[in-house]
Amino acid sequence: MRSKALFSVPVIASMTLATVIGLTNNPAFAGAADGSGGGVGSQSLKVAPAIAPVLPNILYDVIYANSTAGTETVVSIKNTNAVACQVQVEWLFGFGAGQAGVSGPFNIPPQTTAEFTTANAGESVPPFVLNVFRDTTGVLEGSARIRSNCAASARLGVNAVLVTGIGSASGPKYTSISVSRPTGRVGD
């Protein structure tokens, strides 16, 4: 019997850049030179989006994130420091299996809260007033990292919520998501 994975992770996410370059230079995967698609099964290779630059310090981990039809993740981040901080949420496939986009960086003034989300610009997640949207589209089931240019010792107020039933007749439902502060690492 075949085991069922908790998360579906695109194979491309685990490939190295050299592997992807090798595949795209291979006529069997890259498509025919005449533009007809060609290649294996007449399908061209779909290359994952470029990895977005990230801020240096990982301050928090969000253990679950989801962006599917009718479901989005919202992370509320309050800057409790005396100086402004740039903050970014890095969305990940699975548990660190590859980047699925970023929200930010966004400059948060002292004692101010910003809402980061897996939703795309123009979408709404009631009742939140969204400030920072994900820069990529598509389904996401995974996790997230809260990154900042503030000192690794900086503390932020962080709450994460999974919002399901967006746009449904019964209305949205809200589930808290665990957020933890990693120990022993400053960046990747």
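The values are calculated or read from the model by the stated rules, or taken from the named source; none is laboratory data. For clarity, every value in this text was computed on a predicted model and none was experimentally measured. Because the Cβ atoms are built from the backbone with ideal geometry, glycine has one as well, and the counts that use them run over all protein chains shown.
Scanning the stretch 99-130 for residues that are crowded, with 20+ Cβ neighbours inside 10 Å and small (Gly, Ala, Ser) yields ALA100, GLY101, SER103, GLY104, ALA114, ALA119. Exactly one residue out of SER176, SER143, SER124, SER103 is more than 16 Å from SER67 (Cβ to Cβ) and among the hydroxyl-bearing types (Ser, Thr, Tyr), and it is SER176. Applying the set (1) at pLDDT below 95; (2) touching a strand residue (DSSP E or B) at 6+ places or on another chain (Cβ under 9 Å) to ARG147 leaves exactly one unmet item: (1).
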